[in-house]
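Student: Encoded as structure tokens, here's the structure I'll be asking about.
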Amino acid sequence: MSRSRASRRVYGGQSHADRMAERRAAFIEAGFQLIGTEGYRAATIRAVCKQAGITDRYFYELFGNTEGLLIAVYETVAEALQQALMQALAEADDDIESKTDAGLRAFFAFMRDDRNARIMMAEILGVSAEVTSLYMRTSQAFATLLITAASPLAPGVLDPGQADNALFGQSLVGAIIYAAGAWALSGYREPEEVVIASCRMIVIGAWRQRLETLG
């Protein structure tokens with residue numbers, strides 16, 4: 001048996017793939033803690049490996065460099081946010097007020113964890129062209145989710161694939177992200193309900209005007 005095949009045998013009831021998945025999850029959790037509390041620059045390979053309790057050999061094999069880890073951490077946090085939003089929106093009634101309230105409450109509850117806020121809105125910015133592209137694609141995906149959730153309000157009209165609808169969704173997402181970023185940077189000084197109420201006025205007002213425009 002070759003060395004490569006031997007390294008992929010089952011040990012302790014775990015396959016090679018299972019062990020690598022477990023190590024990857026441990027590195028991502030370590031990255032989440034370090035990037036979310038101390039920042040991307042503090043998440044050196046040495047610091048991440050120490051936090052995860054795993055040697056750097058596996059770090060390089062799984063991520064290549066710290067930027068690769070940042071991407072994995074960001075994607076993990078973004079997916080968790082997307083799942084929270086999708087569940088909240090799916091459970092809300094099909095009217096603009098209910099959808100808006102459900103989405104905003106889920107979003108700001110998620111961002112109340114300052115590690116999530118820091119990773120989603122601060123540490124991801126200005127790292128590289130590839131990371132910036134990921135941030136933009138993710139923001140567009142959230143805009144698509146927003147338009148899709150509201151589509152029952154105007155059947156056949158609110159198509160997220162249309163450029164004007166996509167831009168409208170991105171504008172709303174941008175406004176909400178800015179408000180959340182300012183809230184987090186203030187140390188969450190204002191009560192969550194106050195922040196949600198402010199965003200609610202903007203979002204519902206914009207939606208009503210948009211729906212009137214679409215007829």
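Student: Scan the stretch 174-185 and tell me whether some residue there is at pLDDT 90 or above and either in a loop (DSSP other than H, G, I, E, B) or more than 19 Å from L81 (Cα to Cα) (or both).
Tutor: Going through the stretch 174-185, the residues at pLDDT 90 or above turn out to be 174-185.
Imposing the further condition that a residue be either in a loop (DSSP other than H, G, I, E, B) or more than 19 Å from L81 (Cα to Cα) (or both) reduces the set to 185.
Yes.
Student: Looking at the stretch 45-149, what helices (runs of 4 or more DSSP H) fall wholly within it and have at least 2 residues that are over 20 Å from E29 (Cβ atoms) and touching a residue at least 60 places away in the same chain (Cβ under 8 Å)? Reasoning before the result, please.
Tutor: On the way: elements: 45-52, 56-62, 66-91, 96-111, 114-118.
Because the criterion is at least 2 residues that are over 20 Å from E29 (Cβ atoms) and touching a residue at least 60 places away in the same chain (Cβ under 8 Å), the helices (runs of 4 or more DSSP H) in the stretch 45-149 that meet it are 66-91, 96-111.
Student: Find all pairs meeting these conditions: Cβ atoms under 6 angstrom apart; at least six residues apart or on different chains; first residue within the stretch 162-175 and assigned by TED's automatic domain parsing to the domain that holds F142; second residue of a type in the set (S, T, N, Q) and assigned to a helix (DSSP H, G or I).
Tutor: Close Cβ pairs (under 6 Å, with a partner that is of a type in the set (S, T, N, Q) and assigned to a helix (DSSP H, G or I)) amount to V173/S139.
Student: With respect to A150, determine if the residue is assigned by TED's automatic domain parsing to the domain that holds D94, among the hydrophobic types (A, V, I, L, M, F, W, C), surrounded by 14 or more Cβ atoms within 10 Å (Cβ to Cβ) and out of contact with any Cys (no Cβ under 8 Å at 6 or more places or on another chain). First the steps, then the outcome.
Tutor: Values: assigned by TED's automatic domain parsing to the domain that holds D94: yes; among the hydrophobic types (A, V, I, L, M, F, W, C): yes; surrounded by 14 or more Cβ atoms within 10 Å (Cβ to Cβ): yes; out of contact with any Cys (no Cβ under 8 Å at 6 or more places or on another chain): yes.
Taking the combined requirement at face value, the residue satisfies it.
Student: Looking at the stretch 5-27, I want the residues that are closer than 27 Å to V73 by Cβ and among the charged types (D, E, K, R) and have a partner that is modelled with pLDDT of 85 or more and not in a helix (DSSP H, G or I) with Cβ atoms under 7 Å, at least 6 apart or on another chain. Which pairs are those?
Tutor: Close Cβ pairs (under 7 Å, with a partner that is modelled with pLDDT of 85 or more and not in a helix (DSSP H, G or I)) amount to R23/I54.
Student: Being crowded, with 18+ Cβ neighbours inside 10 Å and under 10 Å from the mean Cα position of the chain (by Cα) is the requirement here; does I124 meet it? Break it down into steps so the answer makes sense when it comes.
Tutor: Working: crowded, with 18+ Cβ neighbours inside 10 Å: yes; under 10 Å from the mean Cα position of the chain (by Cα): no.
No: the conditions fail for I124.
The values are calculated or read from the model by the stated rules, or taken from the named source; none is laboratory data. From a predicted model like this one, the values you see are computed outputs, not experimental measurements. Please note: Cβ atoms are built from the backbone with ideal geometry, for glycine as well, and neighbour counts cover all protein chains shown.
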